[in-house]
């Protein structure tokens with residue numbers, strides 16, 4: 001005999017695991033820590049495909065990206081969800097482990113000569129730290145635009161390059177997140193971590209682009225560097241324009 005009960009949301013008769021009227025899932029057990037974690041995973045669409053996405057983007061980035069672009073999306077995490085989750089972890093570690101401040105010192109930011117300049121620089125650093133978790137999200141559109149120009153012979157849409165770069169840059173953040181705890185073991189490494197990060201970005205992008213577009217590693221390396229430089233230049237130009245407009249409006 002089929003098990004039937006009433007839906008707790010709309011009081012309709014339920015036959016099975018879901019209400020045919022409102023879609024409410026039948027829940028018999030009480031909420032535990034395990035079920036709470038599962039709820040979080042479902043909320044971020046991480047219950048299925050997360051570890052598979054991480055693995056495939058490490059081992060077969062070309063297959064993963066081309067699968068997704070061809071419409072085979074079910075095995076993989078949505079790239080935007082992937083970006084938001086990993087980006088949050090990345091920014092937390094970057095600030096919590098003091099990698100950001102140590103990196104700024106290692107880069108050798110020139111000391112301002114006046115109190116006003118010092119105050120302005122401190123405000124800029126504070127602002128940058130507050131939005132640091134959005135930086136990957138902000139950079140991707142510009143690097144994707146640069147990538148479309150670099151790979152113009154491929155005739156891919158701009159939206160497709162957004163997907164490609166979202167996956168690749170999040171995977172770079174995964175690598176950085178995995179390596180970041182080393183700073184706890186050896187704090188002096190924080191000073192060179194920005195350079196380690198730069199190496200990871202160039203190396204992984206070159207490796208992945210080679211796999212995606214089936215080109216030589218050297219050609220992929222050159223195109224990766226070119227895409228990064230052009231994309232970052234576009235980002236800086238856009239950012240300076242926005243800051244200039246805000247400054248003009250504020251003065252008026």
| query | In region 171-249, what is the volume of the convex hull around the alpha carbon atoms, normalised per residue and reported in Å³? | reply | 129
| Going by how many other Cβ atoms sit within 10 Å of their own, how do 157, 90, 18 line up, fewest first? | 157, 18, 90
| task | May I ask you to order 192-199, 205-212 by the average number of other C-beta atoms within 10 Å around their residues, highest value first? | result | 205-212, 192-199
| message | For a quick check: sort 200, 86 by the number of other beta carbons within 10 angstrom, fewest at the front. | response | 200, 86
| When the Cα centres of region 143-206 and region 58-85 are compared, how far apart do they sit, in Å? | 15
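Throughout, read-outs are computed from the coordinates displayed, never taken from laboratory work. Because the structure is predicted, anything quoted here is derived from the model rather than measured. Note that we place each Cβ from the backbone using ideal geometry, even for glycine, and neighbour counts take in every protein chain shown.
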